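Peer 1: What follows is a single structure, and I will ask about it in a moment.
The values are calculated or read from the model by the stated rules, or taken from the named source; none is laboratory data. Note that the structure is a prediction, hence the values are computed from the model and not measured. Reconstructed Cβ throughout: ideal geometry from the backbone, glycine too, with neighbour counts over all protein chains shown.
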């Protein structure tokens, strides 16, 4: 078990990591999700022991590892850039951590071949890294991390420089490959979609702070703050400031009378409502009962879905609907909101209401 | 703004190319409309960047001609072709301010000072960078830098085409949305011919009117996002577009049905496939669903169900083959009589990787 | 927490270096400081003189003219070598087999010991037998560096340019090689001319290495001794007597230890000061990012 206790990292005047406490179990898959410069790499460097925290403690199985050198920590790391020894063949690249550890030749050979087999590198073992495609180079780096049998495997946006489709494949394979080793797996990404596909647990990061940590799908469904909600949504959340008064919600010049009971139970006052793009509809239905007027900015058609970017009462919103819908820029349209799909955040941006279907119990 | 014509165009990086294998770009003939938004989509090494560089004039093709508005520009430099290009990594002039960066291409072309000032101010407004006009460009964020790169093309009102080489690679997801819609807006406003190279299907599909799918130096399909999604003409297009990609299952054809692993899957058309061809059934995860209660379906076993937020992906097995099924949010996963149904109209048949057409049935059965 | 001491142990590894630096630089420097504030007539007998030597040095016209020559020489050297080095680097091929040929050719002068360079040019420039000297006279120039101050200066400068421009070339070339292709392509598309490419892309991207080149060349040329000593010996007259040569004359030739020590300290402080000023001026604006 790896535990970070109130860890902060200050560089010069900047606080790169702000009082982070996290706990990772053996054999778990954990995603660090956040935009560039949110602190994902800084956090990984601290865990690996490449940097020392300015304050706080990092413990493995209850014992502090702050003074322990990186090479004694049994950590493997894979970076966004494809980092291999350019002068070594793929075989020697994969073997390198075991050579350093003094593993005997027979065992080394067996493990290299197993790893190569798992990562489909067997036929390239004699090649040099630069003769390989990007995907193969990254597989080599991953195989090297794998044979190390590390207790902690840090993957820092490992697929960011790969083709979209290759990413899809490796994304499915990676957790499976490492699951057998019992290592703590950490995976940093900027993409919410990637976090969801990986599953496991997720920690959302924003300006050096961990804003939430929990089961990935729960963090997605129940973001405890607006910041987490925005970090964990792609396309972005649609937000609007509204006022609850009596049994009504008011925003702009719209009034919603028929509101879910849970919302009705909240105190009167100002809230920020957020709704996911795919919970908006271009056509009314039993559920989508609240009409909102909006002006179309642009629309994007992917073939299976349409993204309509609109200006709704001064808010930039995006609607994601199934199928192909052609709307023209500047056109006035009516959107329909399902009040049951609303998230509400109070003035401190903390979650006060999540849609019923995600309610935790 | 110009119509772009590729005439017998081919390129090899070898000095004396012999076989087809030596060509990074195999012979192609295409006309691209004036004012269109095109995306070149494909995996790395498919030749999309080679093609882009040939259009921009950074690379001379080994064979064939390239024409802008029926004028042969094959021998012309990028400057003479009057195009603009946005690169993967933002290119900005570090020592200049944002405004000076935008003015640079105009100064180089001897546009008079007053006009430069007017256009730069207008462009700063358009790109929402007015507040940072006098800041040094060096300290800006990646998406702002990319906007400047784009702006340097747009200030020259008369550019023939604007080319993009994976421009969103270094941009965070949240900003990608903004930049992409900005691009779309600018296209609608200025009506430039735009060509956008990417390996990311979402970017390609959302940006382009027409997507050019490339594979191993060849164009495998040109079509609207809708066409590529609904009727991929090649198994590669089916696989490459869509996330997850199309389910492709080896099959035999019996008139208006595909036989997969001994199971009959009804189709919307009657097919006469060529003899001895490799036959496959292609159906997108979006067009496969679980059979309702007593409905007839192909029996499968469920391997896993992944919740990815706005939908779930069920991975099921049909004998040796695995099939992805897309489930809408809240749609239940069956626990008994587990079988799947394919939309007969949207299931395609592929012979040696190419889509074949069938004859419409008298009563097309909806699913 | 026990493990903490493991890291501290690394400091012990620095000790040998500290020791060597102390032996090399600090102790001799302290000796010099010692000499510069005292007078001595016989070994072991010292009188405290305060700032007398400094005052004497600073008011001596001989020091003034040596210092003037030194600054003039350094200024000429920098004015020629930096632009010339950049120009050569720009002209060098970026890819292909000629790259390594050029790099080796450029590195050659840097590999020759300084006194050998002086001796080579001493012969090369002789008006009667040297290729350069004879050639110039044959072309109708009246050239004799052993007698004419101008010819002596010309030869010393030419020799230094020959010897050290390659250093600037190599540094500038390294800077140029690190510029991604996209920058050149973008500039082409923006319609930038050759000069604009240099001014707005190459120069800003070379800035850091050029600062290093400038500092190195300043320090080296400001402290130049061996080559002019071998070539002209500071002559004719005192025309090529730079600070270092003057210093050695004072210390060894005339055994004026107090004067020489004070000169050394002043020399050292000047070099340090100019380097610092250069560096801060040129690094200003770098922090904005």
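Peer 1: Return the residues of segment B:59-77 that are in a loop (DSSP other than H, G, I, E, B) and more than 9 Å from chain C (Cβ to nearest Cβ); say none if nothing qualifies.
Peer 2: Those that are in a loop (DSSP other than H, G, I, E, B) and more than 9 Å from chain C (Cβ to nearest Cβ): B:59, B:60, B:61, B:62, B:69, B:70, B:73, B:74, B:75, B:76.
Peer 1: Which residue is modelled with the highest pLDDT, if the candidates are limited to segment A:340-361 and must be part of a loop (DSSP other than H, G, I, E, B) and out of contact with any strand residue (DSSP E or B) (no Cβ under 8 Å at 6 or more places or on another chain)?
Peer 2: Kept after step one, since they are part of a loop (DSSP other than H, G, I, E, B), are these residues of segment A:340-361: A:342, A:346-349, A:354-355, A:359-361.
Subsequent filtering for residues that are out of contact with any strand residue (DSSP E or B) (no Cβ under 8 Å at 6 or more places or on another chain) retains A:348, A:359-361.
Values: A:348: 90, A:359: 68, A:360: 57, A:361: 42.
The qualifying residue modelled with the highest pLDDT is A:348.
Peer 1: Go through segment B:266-285 and report how many residues are buried (at least 21 other Cβ atoms within 10 Å of the Cβ) and either within 14 Å of another protein chain (Cβ to nearest Cβ) or assigned to a strand (DSSP E or B) (or both).
Peer 2: 6
Peer 1: Right, here's the next one. What residue, among those in segment A:301-339 that are part of a strand (DSSP E or B) and more than 25 Å from residue A:241 (Cβ to Cβ), is modelled with the highest pLDDT? It would help to see each step written out before you state the result.
Peer 2: Within segment A:301-339, the first condition is being part of a strand (DSSP E or B), and the residues that meet it are A:301, A:305-312, A:315-322, A:332-337.
From what's left, more than 25 Å from residue A:241 (Cβ to Cβ): A:301, A:305-306, A:322.
Values: A:301: 87, A:305: 88, A:306: 91, A:322: 87.
So, considering only residues that are part of a strand (DSSP E or B) and more than 25 Å from residue A:241 (Cβ to Cβ), the one modelled with the highest pLDDT is A:306.
Peer 1: Same structure again: Give the residue that is farthest from residue B:264 (Cα to Cα), with candidates limited to residues of segment B:310-360 that are without any contact (Cβ under 8 Å) to a residue 12 or more places away in the chain and within 14 Å of chain A (Cβ to nearest Cβ). Before the answer, list the steps.
Peer 2: Filtering segment B:310-360 for residues without any contact (Cβ under 8 Å) to a residue 12 or more places away in the chain gives B:330, B:332, B:335-336.
Checking the rest, the ones that are also within 14 Å of chain A (Cβ to nearest Cβ) come to B:330, B:332.
Numbers: B:330: 29, B:332: 25 Å.
By that ranking, first place goes to B:330.
Peer 1: Now, a different point. Looking at segment C:147-243, what helices (runs of 4 or more DSSP H) fall wholly within it and have at least 2 residues that are more than 14 Å from chain B (Cβ to nearest Cβ)?
Peer 2: Ranges flagged: C:149-177, C:203-222, C:226-231.
Peer 1: Sort out which residues of segment C:66-105 are in contact (Cβ under 8 Å) with a residue 24 or more places away in the chain, surrounded by fewer than 17 Cβ atoms within 10 Å (Cβ to Cβ), under 27 Å from residue C:239 (Cβ atoms) and more than 15 Å from the chain's Cα centre (by Cα), and write them in order of number.
Peer 2: Matches in segment C:66-105: C:84 only.
Peer 1: Filter segment B:190-202 down to residues that are more than 9 Å from chain A (Cβ to nearest Cβ) and either buried (at least 20 other Cβ atoms within 10 Å of the Cβ) or touching a helix residue (DSSP H, G or I) at 6+ places or on another chain (Cβ under 8 Å) (or both), then give me how many there are.
Peer 2: 7
Peer 1: From the list A:195, A:254, A:183, A:229, which one is buried (at least 19 other Cβ atoms within 10 Å of the Cβ) and under 22 Å from residue A:342 (Cβ atoms)?
Peer 2: The unique qualifying residue is A:229.
For every residue, the table says whether it meets (1) closer than 20 Å to residue A:167 by Cα; (2) in contact (Cβ under 8 Å) with a residue 24 or more places away in the chain.
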| residue | (1), (2) |
| --- | --- |
| A:84 | yes, yes |
| A:91 | no, yes |
| A:104 | no, no |
| A:119 | yes, yes |
| A:137 | yes, yes |
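Peer 1: Of the residues A:56, A:49, which is out of contact with any helix residue (DSSP H, G or I) (no Cβ under 7 Å at 6 or more places or on another chain) and surrounded by fewer than 20 Cβ atoms within 10 Å (Cβ to Cβ)?
Peer 2: Checking each option against the conditions leaves just A:56.
Peer 1: Tell me, yes or no, whether segment B:111-128 has at least one residue that is surrounded by 19 or more Cβ atoms within 10 Å (Cβ to Cβ), modelled with pLDDT under 90 and in contact with a helix residue (DSSP H, G or I) (Cβ under 6 Å, 6 or more places away or on another chain).
Peer 2: The answer is yes; a qualifying residue exists.
Peer 1: For segment A:59-82, how many residues are in contact (Cβ under 8 Å) with a residue 60 or more places away in the chain, out of contact with any helix residue (DSSP H, G or I) (no Cβ under 8 Å at 6 or more places or on another chain) and outside any strand (DSSP E or B)?
Peer 2: So the answer is 5.
Peer 1: Still on this structure: Within segment A:325-338, can one find any residue that is within 14 Å of chain B (Cβ to nearest Cβ), buried (at least 20 other Cβ atoms within 10 Å of the Cβ) and either closer than 27 Å to residue B:242 by Cα or touching a strand residue (DSSP E or B) at 6+ places or on another chain (Cβ under 8 Å) (or both)? Steps first, please.
Peer 2: Within segment A:325-338, the first condition is being within 14 Å of chain B (Cβ to nearest Cβ), and the residues that meet it are A:325-331, A:338.
From what is left, the residues that are buried (at least 20 other Cβ atoms within 10 Å of the Cβ) are none.
The answer is no; no qualifying residue exists.
Peer 1: Could you please let me know if residue A:106 is surrounded by fewer than 18 Cβ atoms within 10 Å (Cβ to Cβ), out of contact with any strand residue (DSSP E or B) (no Cβ under 9 Å at 6 or more places or on another chain) and at negative phi?
Peer 2: Spelling it out, residue A:106 is indeed surrounded by fewer than 18 Cβ atoms within 10 Å (Cβ to Cβ), out of contact with any strand residue (DSSP E or B) (no Cβ under 9 Å at 6 or more places or on another chain) and at negative phi.
Peer 1: Of all residues in segment A:196-214, which are in contact with a strand residue (DSSP E or B) (Cβ under 6 Å, 6 or more places away or on another chain) and farther than 28 Å from residue A:347 by Cβ?
Peer 2: A:198, A:200, A:201
Peer 1: Does residue B:161 satisfy the criteria of being within 14 Å of chain C (Cβ to nearest Cβ), within 17 Å of residue B:39 (Cβ to Cβ) and touching a residue at least 24 places away in the same chain (Cβ under 8 Å)?
Peer 2: On the way: within 14 Å of chain C (Cβ to nearest Cβ): yes; within 17 Å of residue B:39 (Cβ to Cβ): yes; touching a residue at least 24 places away in the same chain (Cβ under 8 Å): yes.
So residue B:161 fits the description; yes.
Peer 1: Give the residue that is nearest to residue B:195 (Cα to Cα), with candidates limited to residues of segment B:78-95 that are at the interface with another protein chain (Cβ under 7 Å from one of its Cβ atoms), outside any strand (DSSP E or B) and in contact with a strand residue (DSSP E or B) (Cβ under 8 Å, 6 or more places away or on another chain).
Peer 2: Going through the qualifying residues, I end up with B:87.
Peer 1: Specify which of the listed residues (A:171, A:144, A:167, A:139) is away from every other protein chain (no Cβ under 14 Å), assigned to a helix (DSSP H, G or I) and closer than 21 Å to residue B:44 by Cβ.
Peer 2: Among A:171, A:144, A:167, A:139, only A:139 is away from every other protein chain (no Cβ under 14 Å), assigned to a helix (DSSP H, G or I) and closer than 21 Å to residue B:44 by Cβ.
Peer 1: Would you confirm, using the coordinates I've provided, whether residue B:259 is in the same structural domain as residue B:348 (by TED's automatic domain parsing) and either assigned to a strand (DSSP E or B) or modelled with pLDDT of 90 or more (or both)?
Peer 2: Against the criterion (in the same structural domain as residue B:348 (by TED's automatic domain parsing) and either assigned to a strand (DSSP E or B) or modelled with pLDDT of 90 or more (or both)), residue B:259 qualifies.
Peer 1: Look at residue B:152 and say whether it is in a helix (DSSP H, G or I), within 9 Å of another protein chain (Cβ to nearest Cβ) and under 24 Å from residue B:32 (Cα atoms).
Peer 2: When the stated conditions are applied, residue B:152 passes them.
Peer 1: To continue, here is another question. Considering each residue of segment C:126-151, count those that are over 20 Å from residue C:234 (Cβ atoms) and crowded, with 16+ Cβ neighbours inside 10 Å, and give that number.
Peer 2: Residues flagged as over 20 Å from residue C:234 (Cβ atoms) and crowded, with 16+ Cβ neighbours inside 10 Å within segment C:126-151 amount to 3.
Peer 1: Can you name the residue in segment B:318-330 that is out of contact with any helix residue (DSSP H, G or I) (no Cβ under 9 Å at 6 or more places or on another chain) and either surrounded by 13 or more Cβ atoms within 10 Å (Cβ to Cβ) or modelled with pLDDT of 90 or more (or both) and is also nearest to residue B:288 (Cα to Cα) among such residues?
Peer 2: Restricting to residues being out of contact with any helix residue (DSSP H, G or I) (no Cβ under 9 Å at 6 or more places or on another chain) and either surrounded by 13 or more Cβ atoms within 10 Å (Cβ to Cβ) or modelled with pLDDT of 90 or more (or both), the top hit is B:327.
Peer 1: Also, quick follow-up: Say we look at segment B:216-232 and pick out the residues that are in contact (Cβ under 8 Å) with a residue 40 or more places away in the chain and surrounded by 20 or more Cβ atoms within 10 Å (Cβ to Cβ); which of these is nearest to the other protein chains (Cβ to nearest Cβ)?
Peer 2: Of everything passing the filter in segment B:216-232, B:229 is nearest to the other protein chains (Cβ to nearest Cβ).
Peer 1: Looking only at residues that are within 32 Å of the chain's Cα centre (by Cα) and in a strand (DSSP E or B) in segment A:275-292, which one is surrounded by the fewest Cβ atoms within 10 Å (Cβ to Cβ)?
Peer 2: So, considering only residues that are within 32 Å of the chain's Cα centre (by Cα) and in a strand (DSSP E or B), the one surrounded by the fewest Cβ atoms within 10 Å (Cβ to Cβ) is A:281.
Peer 1: Okay, next question. So is residue B:238 within 14 Å of chain A (Cβ to nearest Cβ) and either assigned to a loop (DSSP other than H, G, I, E, B) or modelled with pLDDT under 90 (or both) or not?
Peer 2: no
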